[in-house]
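First the structure, in the form of structure tokens, and then the observations on it.
The values are calculated or read from the model by the stated rules, or taken from the named source; none is laboratory data. Since this is a predicted model, take the numbers as computed values, not measurements. Methodologically, a virtual Cβ is constructed for each residue, glycine included, from the backbone with ideal geometry; neighbour enumeration extends over all protein chains shown. Only protein heavy atoms, including side chains, enter the accessible area calculation; ligands, DNA and RNA are left aside. Shrake-Rupley method; radii C 1.70, N 1.55, O 1.52, S 1.80 Å.
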Amino acid sequence: KSYKLKCNDRIEIDNLERYLDSSFLAEFPYVNIDIVLEKEDYKVLSLTQGNIEKQLKEIYTKTKDLFSKNVGFFGGDHSISYPLCSNFFKKYGKDSKLIVFDAHPDLMKPLIEPTHEEWLRALIEKGFPSENILLVGIRRNSKNIDAKEIDFANKRGIEIIYPDEFTRKEKKIL
């Protein structure tokens, strides 16, 4: 769903298990993020429907100037991840660090228009230093994760923090 947010609007996710590993939810059962927005604090992007290549270009173009201030992005899927992180990388260069909170590594071989399960690898192949990436929350031994993704991460020096390591590696995440 898409929401046009107004001041003090609340976004609730009805099924967190869809997005977060059950071991994470067991350790942190009350995930609560307060977001207070004023009209000038947010921007809703209108995108061309039905054309992924055009949408990726529109996201890239419409967000590149937003990195001059502290900024956060919310999206329903990874269609925004590649163009946003491309802008981030372009703005801050090879010294930048990227922390990705996800249950999947998204390191499959990239398609022409990287979106879902390959956006992060496409970013690395574009030049983002893989040793500056921290993956947090990747499901350990999931049948939905291709072993090639974990091999790629290990060979490229991408650090992974699995849900069962959250307490032990809390300082690294923070």
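So here's what we get for this one:
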read-out: From phi via Karplus (6.51, -1.76, 1.60), per-residue ³J(HN,Hα) for the range 135-151 in Hz, x at Gly/Pro; value: 9, 10, x, 4, 5, 7, 6, 7, 6, 8, 10, 6, 4, 5, 5, 5, 4
read-out: Alpha-carbon centroids, the range 127-165 and the range 47-70: separation in whole Å; value: 26 Å
read-out: Cα gyration tensor shape for the range 54-174, rounded if a/c is under 1.5, else prolate or oblate; value: prolate
read-out: Potential extension, GLN49-LYS169 segment - 0.36 nm per residue separation minus Cα distance; value: 39.1 nm
read-out: Exposure ranking of HIS116, HIS104, HIS78 by accessible area [1.4 Å probe, largest first]; value: HIS116, HIS104, HIS78
read-out: Neighbour-limited loop hits for GluC sites (Glu not before Pro), the range 130-168 (at most 14 other Cβ within 10 Å; DSSP other than H, G, I, E, B); value: none
